[in-house]
1. Would you call Ala187 surrounded by fewer than 21 Cβ atoms within 10 Å (Cβ to Cβ) and either away from the ligand (no atom under 14 Å from the Cβ) or free of Cβ contacts under 8 Å to residues at least 40 places away in the same chain (or both)?
2. Where residues in the range 250-289 are within 23 Å of Glu42 (Cβ to Cβ) and acidic (Asp, Glu), which of them is surrounded by the most Cβ atoms within 10 Å (Cβ to Cβ)?
3. Glu130 is checked against (1) under 22 Å from Glu181 (Cα atoms); (2) within 16 Å of the ligand (Cβ to nearest atom) and fails just one. What number does that condition carry?
4. Failed condition for Leu49, given (1) aliphatic (A, V, I, L, M); (2) within 26 Å of Leu344 (Cα to Cα); (3) away from the ligand (no atom under 16 Å from the Cβ), with all others met?
5. Can you work out which of the residues in the range 139-175 that are farther than 23 Å from Gly47 by Cα, of a type in the set (Phe, Trp, Tyr) and touching a residue at least 40 places away in the same chain (Cβ under 8 Å) is farthest from the ligand (Cβ to nearest atom)?
6. Among (1) surrounded by 24 or more Cβ atoms within 10 Å (Cβ to Cβ); (2) out of contact with any His (no Cβ under 7 Å at 6 or more places or on another chain), which single condition is Phe292 missing?
7. Can you tell me which residues in the range 57-90 are aromatic (Phe, Trp, Tyr) and within 16 Å of the ligand (Cβ to nearest atom)?
8. Can you tell me which residues in the range 190-203 are acidic (Asp, Glu) and either surrounded by 14 or more Cβ atoms within 10 Å (Cβ to Cβ) or closer than 13 Å to Trp149 by Cβ (or both)?
Amino acid sequence: MVMRMLLAGSIVMMALSTAAHAVDPPHPYGPLPSERQLRWHEMEYYGFLHFTVNTFTDKEWGYGDEKPEIFNPTAMDIRQWARVARDAGMKGLIITAKHHDGFCLWPSAYTEHSVKHSPWKDGKGDVVGELADACRKFGLRLGVYLSPWDRNYADYGREEYLKYYRDQMRELLTQYGEIFEVWYDGANGGNGYYGGAREERRIDRQTYYRWPEVHALVRELQPMAVMFSDAGPDTRWVGNEHGFGQETNWATLKRDELYPGTPRYKELPQGHRDGGYWVPAEADVSIRPGWFYHASQDERVKSLDQLLEIYYRSVGMGCNLLLNLPPDRRGLIHETDVARLMELRKVLDQTFDVDLAKGKPVKASNVRGGDARFCAAKLTDGDRNTYWATDDRVREAEVVVDLGEPTCFNRLRVQEYIALGQRIEAFVVDARIDGAWIKIATGTTIGPRRILRFDDVTADRVRVRITKCPVCPTLSTLEVYHAPAR
Ligand code: FUL
């Protein structure tokens, strides 16, 4: 009898404990990122390479009548580009395979206006191919910029050009291995050489390229590549060329209302809270004033402080940072640019190498179903794929990290578990200094990532309070850092 009661009791206990662990993850909220976008978010920081005939004519936009012979780098070393990018801490490189002037850096079968007729490697070279090899060697991912606007092509503006553009896209997406990003800029139509016509050609930016067909082609050939433009479909322009994201940054966008070259670019830094698609921002900026190399700008390479400001206002605000490093006329990334990139890497390493919160105990005001799967320790376990979540009814919640002893810090990095959507709308950070809680920062959105900067504080506890969220919040990481004084 006693035995039977004990057995029954343990069955009840087992049932209870199974119930305690049977709580489901929170329901997703709003549009969600795709697999390819989740992978892209992890990239955070990568390089842009603007290189073409403009490098040799000292222009920013070539007219399209440049002779291929002028493309003649004297000491080209494409591996140097990849080595510099890798050493800088970048995860990939995106190259202007074709800029507005129409000159192709790869020997396209569809035009003579390419490296085929340049003296570099006696016309047998392939910049895109060599870069693809160099990226593989240095562990980087490759992306391509194929300008929709082509000021060289005789049929630009007509139906024939659409076939040409797609044929070239097919070449780029089938001959060079895996491509992580395809870049469509928004500058479209205007005057140009156009096979000798030398005239003005206007196109309807919204309809001319038949974007849905181009997108389908890219999806077919490179299913894991994200596509960038003012309006996505996968990642959007941040709306300026300073590399600055915005404090309030929604990864969601009313994508169907926008297009490459959209006049509504002022909405892009913030995105749309009520947007129907996940289209996060990418911040593009050049390390120099121009996108292409100009010797006259050798003294105007951005300073370390400017680059740090860009980093915190892009990566720190949930954008990916696409930093342009234009090769010079030798075909090398200039020494000054390299030195600056290494200075930036050094400071970022000094700042982010040691997470002062890692492995530290965390307490939360609420844990979803009391389930260890969603407990606060997930915030400091060093794994960005685990997360803390609350019960469905909870809208405001807090987590407290116990640093163990008074610890000096000045940066805090937080992430939502974005696989369940972007949820949080406002939060506050407090530090416990000599036993008293002091507010040290406030923020609005978090999304894929938020890095907060504040003056040095010495505190034994740090608290994040979620103060506005339309559904139960999630957070996947809470990291605490100390940036060296500058
Ligand atoms: C713009 C272009 O017009 C610039 O030349 C540059 O390539 C920039 C990144 O995108 O749309």
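The values are calculated or read from the model by the stated rules, or taken from the named source; none is laboratory data. Only a predicted model underlies this, so the values are computations on that prediction, with no experimental measurement involved. Please note: Cβ atoms are built from the backbone with ideal geometry, for glycine as well, and neighbour counts cover all protein chains shown.
1. Working: surrounded by fewer than 21 Cβ atoms within 10 Å (Cβ to Cβ): yes; either away from the ligand (no atom under 14 Å from the Cβ) or free of Cβ contacts under 8 Å to residues at least 40 places away in the same chain (or both): no.
No.
2. Per the stated criteria, the residue is Glu282.
3. (2) is the only condition that Glu130 fails.
4. (3)
5. Residue satisfying both the conditions and the ranking: Tyr164.
6. Going through the list (1) surrounded by 24 or more Cβ atoms within 10 Å (Cβ to Cβ); (2) out of contact with any His (no Cβ under 7 Å at 6 or more places or on another chain), Phe292 breaks only (2).
7. The initial filter retains those residues of the range 57-90 that are aromatic (Phe, Trp, Tyr), namely 61, 63, 71, 81.
Listed by number, the residues that qualify are Trp61, Tyr63.
8. Taking the range 190-203 as the starting set, the residues that turn out to be acidic (Asp, Glu) are 199-200.
Residue satisfying the conditions is Glu200 alone.
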